[in-house]
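Just below is one structure, and these are the notes that go with it.
The values are calculated or read from the model by the stated rules, or taken from the named source; none is laboratory data. Predicted, not measured: the structure shown is a model, and the values here were computed from it. Heads up, the Cβs are rebuilt from the backbone with ideal geometry, glycines too, and the neighbour counts pull from every protein chain shown. Accessible surface is based on the protein model in full, side chains and every heavy atom, while ligands, DNA and RNA are left aside. Shrake-Rupley method; radii C 1.70, N 1.55, O 1.52, S 1.80 Å.
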Amino acid sequence: MSELRIGVLTCSDNRFEGTAEDDAGLALIDACERLGWVIVAYHVVPDDPESITASLFELADVEGADAVFTLGGTGLGAHDLTPETTELVCERMVPGIAEAIRAHMRQSDPCHMFSRATAGVRGRTLIVNLPGGPEATMEAFGVIAEMLELAVQHMADGGAC
């Protein structure tokens, strides 16, 4: 696999405040590095649109990540605002990614149908919302990981599957 530049953004009040460990974020970083990808930045922010937006801008526009994975904030809770914030930041949406993840994850846990996760493109950066729990994060990542390099290539040269 080629060397992709990856940003990881955990959206969680508890993890930001340090009252919970970010096991999911650390597991995702490890998985990306095992694939030979470079982590350009890792942020942990509270569940508020301003913090999420600022981090997404930095990861995409300043750090130049090929892909950014957000973790958490995709459920039905009042503070789960990651999908809406992602949609505001992205120029184009890629609904098939979130649909594929939901379809796969629903097989192991029907509650994944409540996920509001999304995916989209900002400039040359693909942004993908993942769930926040360690097991769910890694299962969802497994759905997209093998296709990520192809997606980044298609953003660069406009190719199609």
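Here are the numbers for this structure:
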quantity	calculated
Percent carbon-and-sulfur accessible area, the chain, ignoring ligands, DNA and RNA, probe 1.4 Å	54
Only Lys, Arg (+1) and Asp, Glu (-1) charged, at Cβ; the chain dipole about Cα centre in debye	460
Sum of side-chain charges, residue 84 neighbourhood, beta-carbon under 12 Å (Lys, Arg +1; Asp, Glu -1)	-3
Residue with peak Gaussian network fluctuation, the chain [Cα springs, cutoff 10 Å], from 69, 141, 16	16
Largest-first ellipsoid semi-axes for the chain, taking √(5λ) over the Cα gyration tensor eigenvalues, angstrom	21, 18, 16
Unit charges at the beta carbon, dipole of segment 1-90: most positive-side option, 56, 27, 38	38
Amide hydrogen neighbours beyond the local backbone of residue 126, cut-off 5 Å, H modeled	67, 68
For the chain, share of DSSP beta bridges that run antiparallel, in % to the nearest 5	25
Charge tally in the Cβ shell below 12 Å around residue 7, where Lys, Arg are +1 and Asp, Glu are -1, residue 7 excluded	-2
For the chain: accessible area per residue (Å², 1.4 Å)	48
Phi-based couplings in Hz for segment 14-19 (Karplus 6.51, -1.76, 1.60; Gly and Pro marked x)	4, 6, 4, 6, x, 8
